[in-house]
1. Of (1) out of contact with any Gly (no Cβ under 6 Å at 6 or more places or on another chain); (2) over 11 Å from L202 (Cβ atoms), L110 satisfies all except one. Which?
2. Residue by residue through the stretch 79-88, note down the ones that are more than 14 Å from the chain's Cα centre (by Cα) and either among the β-branched types (V, I, T) or surrounded by fewer than 17 Cβ atoms within 10 Å (Cβ to Cβ) (or both).
3. Taking the stretch 138-158, which residues are farther than 24 Å from L251 by Cβ, assigned to a loop (DSSP other than H, G, I, E, B) and at pLDDT 90 or above?
4. Where the second residue is buried (at least 19 other Cβ atoms within 10 Å of the Cβ) and among the small types (G, A, S) and the first is touching a residue at least 40 places away in the same chain (Cβ under 8 Å) and not assigned by TED's automatic domain parsing to the domain that holds S162 and lies in the stretch 67-95, which pairs have Cβ atoms under 8 Å and are six or more apart or on separate chains?
5. If we keep just the residues of the stretch 91-115 that are under 18 Å from the mean Cα position of the chain (by Cα) and over 15 Å from S17 (Cα atoms), which is surrounded by the fewest Cβ atoms within 10 Å (Cβ to Cβ)?
6. Output the residue which, of all residues in the stretch 184-231 that are of a type in the set (S, T, N, Q) and at pLDDT below 95, is farthest from K111 (Cα to Cα).
7. Among all residue pairs at least 6 apart or on different chains, which show Cβ distances below 6 Å where the first residue, located in the stretch 34-46, is in the same structural domain as L96 (by TED's automatic domain parsing) and free of Cβ contacts under 8 Å to residues at least 60 places away in the same chain and the second is assigned to a helix (DSSP H, G or I) and surrounded by 14 or more Cβ atoms within 10 Å (Cβ to Cβ)?
8. Does W247 fit the bill of being of a type in the set (A, V, I, L, M, F, W, C), surrounded by 15 or more Cβ atoms within 10 Å (Cβ to Cβ) and either farther than 30 Å from K27 by Cα or touching a Phe, Trp or Tyr at 6+ places or on another chain (Cβ under 6 Å) (or both)?
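The values are calculated or read from the model by the stated rules, or taken from the named source; none is laboratory data. All of these numbers come straight from a predicted model, not from anything done at the bench. Because the Cβ atoms are built from the backbone with ideal geometry, glycine has one as well, and the counts that use them run over all protein chains shown.
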Amino acid sequence: MPDHQTGAGTKWLPEISVITVCYNSEKHIEQTITSIAAQTYKNLEYIIIDGGSTDGTIDIIRKHDAHIHKWISEPDNGIAHAMNKGLELARGDYILFLHSDDYLLSPDVLKEASRFLHPPFDIVMFDIIFEDNGRKIYRAPRGFNWWINFKTGVFHQSVFCSKRLFEQVGAFDTRYRVAMDYDFFLRAYRAGVSHCRVRCPLAAMRLTGISSKKDWRNLRERLEEEKKVHYSHCNRAYLKILYGFYWLLYLPYRRMLAGMESTLVI
């Protein structure tokens, strides 16, 4: 897999569509919006898909209406459904999903990132900063290697996907409440799409969303969805055997870890 350290040097200026999905997000969404409004890269489209918020989210969106190209607020059938609504509205060459717990790290990050957004790459991955109770944790994606057959190594908050990629492998599967991005990237990996990784951080992600919850009830839901993804794409006999052994061992292992973390918290 290509692993870039410096710019690609292309003069092409791709249009970037940034999509934010939100619901009752008044606590953090203003930072998300202002981090996009501050971008020095101008070939940019910003879309917000709100699920019918009942707090102050809509007031914040209206306050920044001049920096938002399209926004809607209406009930949806989950995050994947909302993300697909954003895809239908997006016209950019490359798409970034940056939700209401996320924000771009500096005003120049999209300008710098744009140097890497060009054919043949359909997926361009950047590093990310996780924010967890005041701590900042730097993470680099594992990327597209064989391990993605078992666990995702891609953080969608720091990944650009070409519009044509969604035409090739399809949109997000609305059957999933949490694992829709893993399912999507696994499909892309199995399709052999062209990709690269850029070793610099693009965005920060607060560990406050559904996929970040560590209690066993929420963790089990996420793991069961990952298991469903595995068997939905189990197109080879040896994978079925590997998945069987994997879940036989991994599920009780994660339950044990969740119990230990709960005990430490208490």
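1. For L110, the exception is condition (2).
2. Passing the criteria: only E88.
3. Answer for the stretch 138-158, where residues must be farther than 24 Å from L251 by Cβ, assigned to a loop (DSSP other than H, G, I, E, B) and at pLDDT 90 or above: A140, P141, F144.
4. none
5. Only one residue tops the list, namely L105.
6. Ranking the candidates gives N218 first.
7. A37/H67; Y46/I36
8. yes
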